[in-house]
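K.L.:
The structure follows.
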Amino acid sequence: MPKPIPIYTDHDEQYRADSCGPLAAAAAHRDLVLKAVRRGHYPGIPLPEGTLAGVKMAGFWDARIDQGWGLSWHRNEGIEFCLLETGKLGFSAGEQDYELKAGDMTITRPWQLHHVGTPNNTASRLHWLILDVGVRRPDQAWKWPSWILLSSPDIEELTNMLRLNEQPVWRATPELRRCFQEIGHEIESHGAGSSISRLTLRLNEMFLLILEMLRTRRVALDKSLTTARRTVQLFVEDLRAHPEHLAMEWTAASMAKACGLGLTQFTHHVKCLVNMSPMHYVANCRVELAAQYLKSRPDEGITDIALDCGFSSSQYFATVFSRRFGCAPREFRSGLDRCGHKSRPTNVQNSSVEAI
């Protein structure tokens, strides 16, 4: 059984979240000031038991000089709200790149892959909150912690605005900027023994201000973003984008389980999205990756490449590869197929190999 892709599993199982390791290292080397409260593996001062349930990390960094690190592509254990108070900062979400300026805010859901830095961070002061609302997939229902004091209608409205749009960058209101600054002050005071009650109030104010901001922006809501099909779409995109995921020993049943779906429903969505069965899709992704490795790793053995791409044996790999490209892997690497034409991989969605 494979280890599930992090985005599709619960934290208590095998969800692998970003640990902010480069940030912690920079703070340890005094390249910046880090003030944070946290739970679990994150850096910062541990939150007392029984307080601020769901908060994984809240805090800020203050970097007075350009940094030699960035936060590479990652996802979080919950929804993340960030506010750039000063400076500028490179930020990417999905396929879109941004240059954040002072007063910009980012909102990323647990399934949204994002990157901070281009590739390194510039001098800046950044605030953030990571709040676990019990979801890892777009189709799951959100469960807000009980310490959030918004009324039920307001919570429902805020949830819909956050679930039914995935715009990652917003221009924060002046009130929201001030609120983040005050949250930072309360976090800084927490280390001196300050009561956590003020921090709880500030965080509630932040959520109310985010709701009011989104109301004024007339957010376009898209219900298709919360469907099971959307979850499967993210899954198949992840498989193709991440070689380490392709190397897992997937079966159709384990892929369906990773998406929280039954096999029939999962297979239907995969077929609609890529016009292949799940295992055919995996085989195509693996053979396309292997073709890239054959060219980019000329000194690596073909068997090693086959195993790295998730094939169970070099014989199985050679059979699938020949069906896909019409030549053996060794011939492909040399640049000639059986007909004497240059070999090149084509788009995985426009071709198919039979999964044996």
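K.L.:
Given labels modelled 7 Å from the Cα in the Cβ direction, how far is it in nm from residue 237 to residue 330?
P.N.:
Placing both labels 7 Å beyond Cα along the Cβ direction yields 4.1 nm.
K.L.:
What FRET efficiency, computed as 1/(1 + (r/R0)^6) with R0 = 45 Å and r the Cβ-Cβ distance, is obtained for residue 160 and residue 30, rounded to the nearest 0.05?
P.N.:
0.55
K.L.:
How high is the FRET efficiency between residue 64 and residue 41 when r is their beta carbon distance and R₀ equals 30 Å, given to the nearest 0.05?
P.N.:
In this case the efficiency is close to 0.65.
K.L.:
Follow-up question, since we're still on this one. Computed on alpha carbon atoms, what radius of gyration and Dmax characterise the stretch 174-250, expressed in Å?
P.N.:
Values for the stretch 174-250 (Cα only, Rg and Dmax): 20.2, 50 Å.
K.L.:
Note down, for the stretch 76-127, the three equivalent ellipsoid semi-axes (square root of 5 times each alpha carbon gyration tensor eigenvalue), biggest first, whole angstrom.
P.N.:
So the equivalent ellipsoid measures 18, 13, 9 Å along its semi-axes.
K.L.:
Next up: Return one number: the angle in degrees, 0 to 90 and rounded to the nearest 10, between the long axis of the Cα atoms of helix 263-274 and the longest principal axis of the Cα atoms of the chain.
P.N.:
80 degrees
K.L.:
Percent relative contact order of the stretch 6-223, based on C-alpha pairs within less than 8 angstrom and at least six residues apart? It would help to have the intermediate numbers written out before the result.
P.N.:
Working: 422 pairs, mean separation 44.0, N = 218.
After rounding, I find 20 percent.
K.L.:
Within 10 Å of each residue's Cβ, count the other Cβ atoms and sort 185, 114 from fewest upward.
P.N.:
Exposure proxy ranking, most exposed first: 185, 114.
K.L.:
Quick one: the Cα spread of the stretch 228-350 along its three principal axes, in angstroms, biggest first?
P.N.:
Reported extents, whole Å, longest axis first: 44, 25, 21.
K.L.:
Oh, and also: Assuming R0 = 45 Å, can you tell me the calculated FRET efficiency for the pair residue 182 and residue 265, based on Cβ-Cβ distance, to the nearest 0.05?
P.N.:
Values: r = 46 Å, r/R0 = 1.03.
Using R0 = 45 Å, I get an efficiency of 0.45.
K.L.:
Ok, one more. Of the lysine pairs in the stretch 6-223, how many meet both conditions: Cα atoms under 28 Å apart, and a spacing of 8 or more in sequence or different chains?
P.N.:
Counting lysine pairs in the stretch 6-223 gives 10.
K.L.:
Rounding to the nearest 10 and keeping the result within 0 to 90°, find how far the Cα-based axis of helix 314-325 lies from the longest principal axis of the chain.
P.N.:
That works out to roughly 90 degrees.
K.L.:
For the pair residue 273/residue 101, report the inter-label distance in nm, with labels modelled 7 Å from Cα in the Cβ direction.
P.N.:
3.7 nm
K.L.:
Based on the alpha-carbon gyration tensor of the stretch 6-223 and its eigenvalue square roots a ≥ b ≥ c, which shape applies: rounded if a/c is under 1.5, prolate if not and a/b is larger than b/c, or oblate?
P.N.:
It is rounded, given that a/c, with a ≥ b ≥ c, falls under 1.5.
K.L.:
Each residue of the stretch 327-332 in turn: what ³J(HN,Hα) in whole Hz from Karplus with 6.51, -1.76, 1.60 and θ = phi - 60°, glycine and Pro shown as x?
P.N.:
7, 6, x, 5, 5, 4
K.L.:
Still on this structure: Please give the calculated 222 nm ellipticity per residue for the chain, where each DSSP H segment of at least 4 residues contributes -39500 (n - 2.57) and the sum is spread over every residue; nearest 500 deg cm²/dmol?
P.N.:
Theoretical 222 nm ellipticity from helices: -12000 deg cm²/dmol.
Readers should treat all values here as calculations from the given coordinates under stated rules, not as data from a laboratory. This is a predicted model, so every value here is computed, not measured. All Cβ positions, glycine included, derive from the backbone under ideal geometry; neighbour counts span all protein chains shown.
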